[in-house]
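Presented below is the structure to which this report refers.
The values are calculated or read from the model by the stated rules, or taken from the named source; none is laboratory data. Computed from a predicted model, the values in this text were never measured in an experiment. Please note: Cβ atoms are built from the backbone with ideal geometry, for glycine as well, and neighbour counts cover all protein chains shown. Protein only, heavy atoms only, side chains kept; ligands, DNA and RNA dropped before computing areas. Shrake-Rupley method; radii C 1.70, N 1.55, O 1.52, S 1.80 Å.
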Amino acid sequence: MATHVEAETASQPDCWRRAAELAAAAGSGAGALPEAGERVAVIGCGTSWFMGQAYAALRESGGQGVTDAFAASEFPGVRSYDRVVALTRSGTTTEVLDVLDRVRGRVRTSAITATPDTPVMAAADDVTVLDFADERSVVQTRFATTALTLLRAHLGLHTEAVEADGRRALEEPLPEGLTDRTQFTFLGTGWTVGLANEAGLKLREAALAWAEAYPAMEYRHGPISIAAPSTVTWMLGAAPVGLAEQVRGTGAHWIEGRLDPLAELVRVHRLAVALAAPKGLDPDRPRNLTRSVVLADA
């Protein structure tokens with residue numbers, strides 16, 4: 001029987017289309033999402049933090065304004081921002097709600113969540129609900145990529161080609177031999193560094209795999225020492241010149257994404273399930289994790 005995470009992974013391109021339509025309907029200057037020129041901080045925990053990293057890099061590199069991404073627990077109260085954007089699937093994460101409470105009345109706040117009727121609805125000034133991308137699995141797949149698609153589309157960076165690549169990522173077979181490898185390293189540049197961080201997290205959560213992530217140019221500065229015939233190095237997006245040859249020279253298996261990087265992340269979601277199965281793991285219920293971290297002493 002298929003797991004929830006498999007069904008939710010398969011629905012991602014359709015969710016992206018709906019998010020893009022939502023962004024188009026909102027238009028620019030509507031207020032629920034950051035406007036050009038604003039100084040923005042994006043907060044989240046775990047997967048949501050990594051999606052925030054990707055968005056921050058896209059927004060700032062696109063000339064939309066200073067954009068920083070923080071784990072909610074590490075949000076610096078001493079910096080000045082025009083808006084704080086919170087990504088929270090559950091709407092109940094303690095660290096996220098704490099930040100929104102701390103900046104209330106001083107900074108405009110926007111939240112993107114999958115779950116209405118949760119504390120974040122009252123904690124943020126503006127809330128976008130992506131309930132069609134909510135998940136039953138503890139492991140995040142479609143909510144994370146759909147939230148990023150909403151933000152990406154708001155920047156004018158989403159096209160139907162992304163959705164087509166997402167479907168290809170679901171249909172095409174994964175590279176052979178991956179389930180026999182002992183270690184996985186994901187690399188990115190710019191906005192795909194956040195995606196690489198998320199890819200590594202997915203394999204750790206769902207399959208208890210040894211997985212790491214780095215900016216691509218940093219990989220040569222130490223991490224490449226673990227590359228060997230038993231390992232995989234997976235590049236999300238275009239690789240720096242010469243890196244592929246250097247990795248192949250170690251005997252490691254090199255994968256350079258041919259699809260839109262968000263679609264490449266869908267391939268990683270599929271790999272996580274494939275790695276979990278022979279270990280007898282349930283990717284819907286990863287070890288030691290819950291859907292939301294709610295701190296009793298908060």
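The set of residues from region 113-134 being in contact with a Lys or Arg (Cβ under 8 Å, 6 or more places away or on another chain), open to solvent by 20 Å² or more (accessible area, probe 1.4 Å) and in a strand (DSSP E or B) comprises just one member, 126. Check region 212-226 and report whether any residue there is of a type in the set (S, T, N, Q) and in contact (Cβ under 8 Å) with a residue 12 or more places away in the chain. Checked region 212-226: no residue is of a type in the set (S, T, N, Q) and in contact (Cβ under 8 Å) with a residue 12 or more places away in the chain. For region 97-105, the criterion of a residue being under 20 Å from residue 132 (Cβ atoms) and modelled with pLDDT of 95 or more is satisfied by no position. Take residue 19 and decide whether it is over 21 Å from the mean Cα position of the chain (by Cα) and farther than 13 Å from residue 83 by Cβ. No. All of 31, 37 fail the test of being of a type outside the set (A, V, I, L, M), more than 21 Å from residue 77 (Cα to Cα) and over 19 Å from the mean Cα position of the chain (by Cα), apart from 31. Evaluate region 52-68: report whether one residue or more is open to solvent by 50 Å² or more (accessible area, probe 1.4 Å), over 25 Å from residue 268 (Cβ atoms), touching a residue at least 60 places away in the same chain (Cβ under 8 Å) and not in a loop (DSSP other than H, G, I, E, B). No, there is no match, as no residue in region 52-68 is open to solvent by 50 Å² or more (accessible area, probe 1.4 Å), over 25 Å from residue 268 (Cβ atoms), touching a residue at least 60 places away in the same chain (Cβ under 8 Å) and not in a loop (DSSP other than H, G, I, E, B).
Among what's in region 188-229 and is within 21 Å of residue 261 (Cα to Cα) and polar (S, T, N, Q), pick the residue that is farthest from the chain's Cα centre (by Cα). By that ranking, first place goes to 189.
A quick yes/no check of all residues on (1) outside any helix (DSSP H, G or I); (2) more than 19 Å from residue 53 (Cα to Cα); (3) among the basic types (Lys, Arg); (4) open to solvent by less than 30 Å² (accessible area, probe 1.4 Å):
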{"site": "98", "(1), (2), (3), (4)": "no, yes, no, no"}
{"site": "111", "(1), (2), (3), (4)": "yes, no, no, yes"}
{"site": "136", "(1), (2), (3), (4)": "yes, yes, yes, no"}
{"site": "149", "(1), (2), (3), (4)": "no, no, no, yes"}
{"site": "153", "(1), (2), (3), (4)": "no, no, no, yes"}
{"site": "163", "(1), (2), (3), (4)": "no, yes, no, yes"}
{"site": "167", "(1), (2), (3), (4)": "no, yes, yes, no"}
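The listed residues are 195, 170, and the only one of them that is in contact with a Leu (Cβ under 8 Å, 6 or more places away or on another chain) and either hydrophobic (A, V, I, L, M, F, W, C) or on the phi > 0 side of the Ramachandran plot (or both) turns out to be 195.
Let's see how each residue does on (1) out of contact with any Ser or Thr (no Cβ under 8 Å at 6 or more places or on another chain); (2) surrounded by 15 or more Cβ atoms within 10 Å (Cβ to Cβ); (3) not basic (Lys, Arg):
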| position | (1), (2), (3) |
| --- | --- |
| 222 | yes, no, yes |
| 236 | no, yes, yes |
| 240 | no, yes, yes |
| 246 | yes, yes, yes |
| 255 | no, yes, yes |
| 260 | yes, yes, yes |
| 264 | yes, yes, yes |
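When the residues of region 178-196 are filtered to those that are surrounded by fewer than 24 Cβ atoms within 10 Å (Cβ to Cβ) and not charged (D, E, K, R), the one that is nearest to residue 52 (Cα to Cα) is 193.
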